[in-house]
Amino acid sequence: MAVHETVQQTVREPDVRTGAQAVVAAAKDPARRPDVLFRVRRAPDQEASPWWHIGAFVVTSAAVVALLSFLPG
């Protein structure tokens, strides 16, 4: 006859945070965390136009095509 016992384990989060969790927990302003390079907090009326992204895509695509045109084949 086998006796089965249920063992209840409590999983705890460690109190010491490391890595990104420590940086986020200690951040006073999340937009200016040291591990985020280009994030800038802007006013709602100061947002970048979507056309900048479209233009950057077109310019990058044109540069890639121009560079690939130098390859023989």
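The slack between Ala56 and Gln21, meaning 0.36 nm per residue of separation minus the straight C-alpha distance, is 9.3 nm.
Highest mean packing comes first when the peptides 56-65, 38-47 are listed by Cβ atoms within 10 Å, giving 56-65, 38-47. Put simply, the amide H of Arg17, placed in the peptide plane, has no neighbours under 5 Å, leaving out anything fewer than 5 places away on its chain. Our coupling estimate for the range 66-73, obtained by passing each phi through the Karplus curve with A = 6.51, B = -1.76, C = 1.60 and θ = phi - 60°, is 5, 5, 6, 5, 7, 7, x, x Hz, Gly and Pro reported as x.
No value in this document is a laboratory result; all are computed from the given coordinates. Predicted, not measured: the structure shown is a model, and the values here were computed from it. Positions of Cβ are generated from backbone atoms using ideal geometry, with glycine treated the same way; all protein chains shown enter the neighbour counts.
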